[in-house]
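S.K.: Before we start, here is the structure in question, set down as structure tokens.
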Amino acid sequence: DRYQLAEKYLTGEPLAYYRAKLLSSDCRSGWAKQTGPAIKSFINNNEYESYNNVLRTVYNDAKGLLRNEEAPDFTLKDINGQTVTLADLSGKVIYLDFWATWCPPCLAEMPNIDQLYRDLEQDDIVFLMISVDKDFSKATSYVNTKGFQFPVFRIAGNWPSILNSTTIPTSFVIDRQGRVVLE
């Protein structure tokens, strides 16, 4: 175990540094949700507040969207270049889906999502189908070719750090208060 070896040779601040570095690395490698309990334990038992603060920041940036937490605001552009932010949609239920044309599981779920969109179109639910394709024209071409009716978006500007660990396909439902209710 990585910790046992370190505990054999290190004590005090060097040990705290090493453990914080390992936990931080795990978060940045896509294991934030699984590492959360170990980080909480580390923070509760560590006297070096600078390492605790770093871990809090790294964890919050890496964990992604979690149930019962407020969704971060970010800006999207649709196929016509019009922008929308999550803040613009405050008070509405939002179905948020991340996908790409190079992702077979994403493409497999598209007909079902389009049917869901058609079924719920009048129910005051906003669908944000967010393509992570580097070439957005591939996403719009795919959607148009298949005849899907849901709106397609791309991230405009910087990708919010809280979404760094989001894999695709991934869907979230955000309630009228801006909190993630389904991940």
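S.K.: Check the stretch 77-85 and report whether any residue there is outside any loop (DSSP other than H, G, I, E, B) and more than 22 Å from Gly178 (Cβ to Cβ).
M.R.: Just the residues of the stretch 77-85 that are outside any loop (DSSP other than H, G, I, E, B), to begin with: 77-78, 83-85.
Now narrow it down to the ones that are more than 22 Å from Gly178 (Cβ to Cβ): none.
No, the stretch 77-85 contains no residue that is outside any loop (DSSP other than H, G, I, E, B) and more than 22 Å from Gly178 (Cβ to Cβ).
S.K.: I'd like the full set of residues that are loosely packed, with under 15 Cβ neighbours inside 10 Å and closer than 16 Å to Thr170 by Cα, limited to the stretch 90-120. It would help to see each step written out before you state the result.
M.R.: From the stretch 90-120, those loosely packed, with under 15 Cβ neighbours inside 10 Å are 90-92, 102, 104-105, 108, 111-112, 115, 118-120; that's our starting set.
Residues satisfying the conditions are Trp102, Pro104, Pro105, Ala108, Pro111, Asn112.
S.K.: How many residues does the stretch 147-158 contain that are polar (S, T, N, Q) and open to solvent by less than 30 Å² (accessible area, probe 1.4 Å)?
M.R.: Quick first cut of the stretch 147-158, residues polar (S, T, N, Q) only: 149, 158.
Next, from what is left, pick out any that are open to solvent by less than 30 Å² (accessible area, probe 1.4 Å): none.
Of the residues in the stretch 147-158, 0 are polar (S, T, N, Q) and open to solvent by less than 30 Å² (accessible area, probe 1.4 Å).
S.K.: Being without any contact (Cβ under 8 Å) to a residue 12 or more places away in the chain and in a loop (DSSP other than H, G, I, E, B) is the filter; apply it to the stretch 130-146 and report the residue that is least open to solvent (accessible area, probe 1.4 Å).
M.R.: Checking each candidate, the answer is Asp135.
S.K.: So, in the stretch 115-126, how many residues would count as being closer than 16 Å to Val152 by Cα, modelled with pLDDT of 90 or more and either out of contact with any helix residue (DSSP H, G or I) (no Cβ under 8 Å at 6 or more places or on another chain) or in a loop (DSSP other than H, G, I, E, B) (or both)?
M.R.: Quick first cut of the stretch 115-126, residues closer than 16 Å to Val152 by Cα only: 115-118, 121, 125-126.
From what's left, modelled with pLDDT of 90 or more: 115-118, 125-126.
Checking the rest, the ones that are also either out of contact with any helix residue (DSSP H, G or I) (no Cβ under 8 Å at 6 or more places or on another chain) or in a loop (DSSP other than H, G, I, E, B) (or both) come to 115-118, 125.
Qualifying residue count, the stretch 115-126: 5.
S.K.: Please name all residue pairs, on different chains or six or more residues apart, with Cβ atoms under 9 Å, provided the first residue is in the stretch 73-92 and is closer than 9 Å to Ala156 by Cα and the second residue is open to solvent by 90 Å² or more (accessible area, probe 1.4 Å) and modelled with pLDDT of 85 or more.
M.R.: none
The values are calculated or read from the model by the stated rules, or taken from the named source; none is laboratory data. Worth saying up front: this structure is predicted, and the values here are computed from it rather than measured. A quick note on method: Cβ atoms are made from the backbone with ideal geometry, for glycine too, and the neighbour counts reach across all protein chains shown. SASA here: full protein model, heavy atoms, side chains in, ligands and nucleic acids out. Shrake-Rupley method; radii C 1.70, N 1.55, O 1.52, S 1.80 Å.
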